[in-house]
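Worksheet: one structure, shown below.
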Amino acid sequence: MGSQARVGIVGASGYGGIQLVRLLTEHPNVDLVFLGGEGSAGKAMSEIYPHLHHRGMGDIELVNLEEIAQRAEIVFLALPNGLAVKMAPELVEKGCKVLDLSADYRFSDLSTYTQWYRTTHPRPEVAEQAVYGLPELYRDRISSAQLIGCPGCYPTASLLALAPLLKQGLIQPESAIIDAKSGTSGGGRQGKLNLLHAEAEGTLGAYGVARHRHTPEIEQICSRLAGNEIMVQFTPHLVPMTRGILSTVYATLRDPGLVTEDLLTIFNVFYRHAPWVQILPSGVYPQTKWAWGTNLCYIGIEVDQRTGRVVVMSAIDNLMKGQAGQAVQCLNLMMGWPEDLGLPKLSFYP
Ligand SMILES: NC(=O)C1=CN([C@@H]2O[C@H](COP(=O)(O)OP(=O)(O)OC[C@H]3O[C@@H](n4cnc5c(N)ncnc54)[C@H](OP(=O)(O)O)[C@@H]3O)[C@@H](O)[C@H]2O)C=CC1
Ligand SMILES: CC(=O)N[C@@H](CCC(=O)OP(=O)(O)O)C(=O)O
């Protein structure tokens, strides 16, 4: 139909790609016109994902940026880090709107990106126009952007917990500790050893302790919110479940007289225009399963007056609000569509 936006996905065979295929196939304003990949090129989507057999999705094609830009006005890049830096500039210059799911366009300080990802931007002037794709903080800038650097899954869950605390100056910033757990799909559809069932099942452990690449991404946004340089302690953990991230944030309150109800009021006001952030009532703490398959972020809060700390728990689906759902949320804003269009609003519990 003429009124529909023509959309391409590069990296369609990955976990982010298949979420985007599912969401955009059913998005009322979108026509999927290109599915791209490398190793999967030439294969039908239904060969890679047999559950799609009855949908006749078409074949995955090798990446040809000229061809993509001719067919698609919007391109999602769902690729490993270090590839979008090469692809996005040409697509942007050809007039496409580009939403990158990797870390390549999340950093305003490109030297930080290079330091952590060992990749330099060939076209820094293009990177400078990128907008960090967290709508609850940057809705207006996203709406007028051509290039979006979509946040990582851990940063999304963690920043939604931290933002009100830092923006309102409620905590001692240096006291912030982020203790986060992720399901195995966070590692992508690559068959990494630590993600094999025999390795991941029946156990729980931390990784990237004191050196995970999401730390600088989280600190970048925290520093913007606080108005000065912030460091946080971030520790990720791998949990034997497919989907989900629970990020539990601990921080010392500046005002020890604040109670849980005060923080709930502040968070409800802060997110009053955010359809995807749900602040839970006092004493109710989020489960990742509540968010599965939706773009929702459930937030629970508790003030421990004994220690003077606030504890904020933030639960998302890492492949949805943490990745593809949030990218579609950004697309809706970029196109002037309702922010919740085409996005599942309730999980099929349990
Ligand atoms: N998994 C998660 O929870 C989250 C992931 N992210 C980020 O999103 C991005 C995608 O992640 P995810 O979907 O998990 O990754 P996957 O490993 O599941 O998929 C990677 C995709 O990239 C494609 N690809 C790899 N190399 C090339 C190439 N040279 N040219 C074209 N296509 C290529 C693969 O296709 P083929 O097989 O055809 O080569 C595959 O479709 C990553 O940057 C990741 O860090 C962000 C938030 C959350
Ligand atoms: C469980 C697991 O392996 N999770 C991934 C996070 C995926 C992600 O968000 O990575 P980007 O920031 O590169 O987009 C990790 O910790 O590396």
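Under the rule of at least 5 residues apart or a separate chain, name every residue whose amide H is placed under 5 Å from the amide H of K97.
It is I74, V75, by chain and number.
Check which residues have an amide H placed less than 5 Å from E61's amide H, if you skip close sequence neighbours.
For E61, whose amide H was placed from the backbone, the distant partners under 5 Å are L35, G36, G37, G42.
Would you order L280, L346 from fewest to most other beta-carbon atoms within 10 Å of each residue's own beta-carbon? Present the calculation step by step, with values, prior to reporting the outcome.
Working: L280 17, L346 10.
Least crowded to most crowded, the residues run L346, L280.
Please sort by residue number the trypsin sites (Lys or Arg not before Pro) in region 288-334 whose DSSP state is loop and whose Cβ has at most 16 other Cβ atoms within 10 Å.
Working: sites: K289, R306, R309, K321; in loops: R306.
Here the sparse-neighbourhood loop sites are R306.
Only Cα pairs under 8 Å and at least 6 apart count here; give the relative contact order of region 86-234 as a rounded whole percent. Don't jump to the answer; show the numbers that get you there.
Values: 167 pairs, mean separation 35.1, N = 149.
Relative contact order here is 24 percent.
Return a whole-number percent for the relative contact order of region 199-256, with Cα pairs under 8 Å and 6 or more residues apart as the contact set.
Working: 46 pairs, mean separation 25.4, N = 58.
Averaging sequence separation for qualifying contacts and normalising by length gives 44 percent for region 199-256.
Round to the nearest 10 and give me the degree value, 0 to 90, for the angle of helix 153-167's Cα axis relative to the longest principal axis of the chain.
40 degrees
Which of the GluC sites (Glu not before Pro) found in region 185-253 are in a DSSP loop and have at most 15 neighbouring Cβ atoms, other than their own, within 10 Å?
Sites meeting the loop and neighbour criteria: E201, E229.
Before rounding to the nearest 500, sum -39500 (n - 2.57) across all DSSP H runs of length at least 4 in the chain and divide by the residue total; then give [θ] at 222 nm in deg cm²/dmol.
Details: 12 runs with 106 residues, N = 350.
Rounded to the nearest 500, the figure is -8500 deg cm²/dmol.
How big is the chain on each of its three principal axes, counting only the C-alpha atoms and giving the largest first in Å?
61, 44, 38
According to a simple spin-label model (label point 7 Å from Cα along Cα-to-Cβ), what is the distance in nm between K94 and E38?
Computed distance between label sites E38 and K94 equals 1.9 nm.
What whole-number distance in Å separates the alpha-carbon centres of region 260-316 and region 204-241?
A separation of 19 Å, based on Cα centres.
Which longest uninterrupted range of the chain lacks any chymotrypsin sites (Phe, Trp or Tyr not before Pro) assigned by DSSP to a loop state (not H, G, I, E or B) and surrounded by at most 14 other Cβ atoms within 10 Å?
Working: sites that count: Y207, F348.
Longest stretch, sites excluded: 1-206.
Extension gain E125-K192, at 0.36 nm per residue separation less the Cα-Cα distance, in nm?
Details: separation 67, 0.36 × 67 = 24.12 nm, distance 3.48 nm.
In short, 20.6 nm is gained.
Of the GluC sites (Glu not before Pro) in region 2-70, which ones lie in a loop per DSSP and count no more than 14 other C-beta atoms within 10 Å?
Details: sites: E26, E38, E47, E61, E66, E67; in loops: E26, E38.
In loop regions of region 2-70 (DSSP not H, G, I, E or B), the sparsely surrounded GluC sites (Glu not before Pro) are E26, E38.
Over the chain, what is the relative contact order in whole percent, taking alpha-carbon pairs under 8 Å and six or more residues apart?
Details: 775 pairs, mean separation 58.3, N = 350.
Answer for the chain is 17 percent.
Since every read-out is calculated from the coordinates, none of them should be taken as a lab result. This structure is a prediction, so every number in the text was calculated from the model and none was measured. Heads up, the Cβs are rebuilt from the backbone with ideal geometry, glycines too, and the neighbour counts pull from every protein chain shown.
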